[in-house]
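Following: one structure in structure tokens, then a few remarks.
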Amino acid sequence: MKPTHIEHIGIAVSNLAESVDFYEKVLGLKCYNIEEVADQKVRTAFFMIGQTKIELLESTDPQGTIARFIEKRGEGIHHIAFAVENIEEKLRHAADEGVRLIDTHPRKGAEGLDIAFLHPASAHGVLIELCEHPAGEKQDK
Ligand code: ZN
């Protein structure tokens, strides 16, 4: 699989504004983007640390995945996203390894990334997201 880096860590929060406040005041980070992903019923806030982001996720729907996650387990780390190249191929590789996929094909996530999730039941309890910057928009920093 060989991910290039940890793209972001997704954290489920019940109140986005309060959480942004915490990361800005206590950790001294600056939120650079707030975005609603209608498809996933979330509002997200992003912070950059090195080449890794913190993605705070607040549910916009009481039936949404994040709302149900918080109801069951409380606020906390929701997923870890690995940056990969050729995400389609990486998904096929995972499937060949017997990994249960939540997404058999990549879909659009926040910040225009192509994303796909592997099921935590197949990944030792961690919800793993693979993501790739779409071709031509690779971040060269
Ligand atoms: Zn994510």
> Out of 70, 77, which single residue is in contact (Cβ under 8 Å) with a residue 24 or more places away in the chain, among the hydrophobic types (A, V, I, L, M, F, W, C), surrounded by fewer than 18 Cβ atoms within 10 Å (Cβ to Cβ) and in contact with a strand residue (DSSP E or B) (Cβ under 9 Å, 6 or more places away or on another chain)?
Replying inline: 77
> Any idea which of 112, 76 is at positive phi, at pLDDT 95 or above and not aliphatic (A, V, I, L, M)?
Replying inline: 76
>> Among (1) out of contact with any Ser or Thr (no Cβ under 8 Å at 6 or more places or on another chain); (2) more than 13 Å from the ligand (Cβ to nearest atom), there is one condition residue 10 misses while meeting the rest; what is its number?
In response: (2)
> If we scan the range 17-36, do we find a residue that is aliphatic (A, V, I, L, M) and under 16 Å from residue 131 (Cβ atoms)?
Replying inline: no
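Per-residue answers, yes or no, for (1) buried (at least 20 other Cβ atoms within 10 Å of the Cβ); (2) in contact with a helix residue (DSSP H, G or I) (Cβ under 8 Å, 6 or more places away or on another chain); (3) touching a residue at least 12 places away in the same chain (Cβ under 8 Å):
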residue	(1), (2), (3)
81	yes, no, yes
87	yes, no, yes
92	no, no, no
98	no, yes, yes
104	no, yes, yes
108	no, yes, yes
116	yes, yes, yes
125	no, no, no
130	yes, yes, yes
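The values are calculated or read from the model by the stated rules, or taken from the named source; none is laboratory data. Predicted model, so just to flag it, every value in this text is computed and none were measured. In this analysis, Cβ positions are derived from the backbone assuming ideal geometry, glycine residues included, and neighbour counts consider all displayed protein chains.
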